[in-house]
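Throughout, read-outs are computed from the coordinates displayed, never taken from laboratory work. No experiment lies behind these values; they were computed from the predicted model shown.
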Amino acid sequence: MSAHHAQAVQMAMVEFRGGADTTQRSVAQDIALTQQREIGIMSAWLTRWRLPQVSTEPPMRWMHGSGHGSHGAETGHDAAHSGSTDGTAAGVPPDLSRMPGMATDTELTQLSRAQGRDLDLLFLTLMIRHHRGGITMAQQSAARAQESDVRALARAMVINQAVEIDQMQADLHALGAPPA
């Protein structure tokens, strides 16, 4: 989930720096801060449990019934790292096929090149999809995690991201765009 969060932070920072709508820039800042905080929490758990920050397994493998089973390590065992040189988003593993809601490299490029209102609309559309995927993963984590702290954070993610989706849908409507 950390890699998924890292992409949300990346997209939010693009909007924060270049969006036209002050409300959307504020939403982006909040998303970036919240998800970066959650990355820190998940990273601390892995350290406490003496687990590696980066897994050698495919991203989100635990969602498909073959997770680690210890401590609820599924919360961040695919944790992001920086320094990508293969054309993928910095901090995001190249195999994103199992991570619901992730933006493609092409979409990230479009987002980084968009300006003004077009940036606001693309950000909202991509982030709504990204949050839907995040909710799916957080629900799975809440259901499977052994640690109560992991379950609590996952449940909070579900609630917070659902609220943010509702707000972003309303923002799309206010900007005259169709729902995502």
- Phi angles of segment 16-29, converted by Karplus (6.51 cos²θ - 1.76 cosθ + 1.60, θ = phi - 60°) into ³J(HN,Hα) in whole Hz with x for Gly and Pro, give 4, 7, x, x, 7, 8, 4, 5, 5, 5, 5, 4, 4, 4
- Message: Using each residue's phi in segment 129-143, evaluate 6.51 cos²θ - 1.76 cosθ + 1.60 at θ = phi - 60° and report the 3J(HN,Hα) Karplus result to the nearest Hz, with x for Gly and Pro.
- Response: 4, 4, 5, 4, x, x, 4, 4, 5, 5, 4, 5, 5, 4, 6
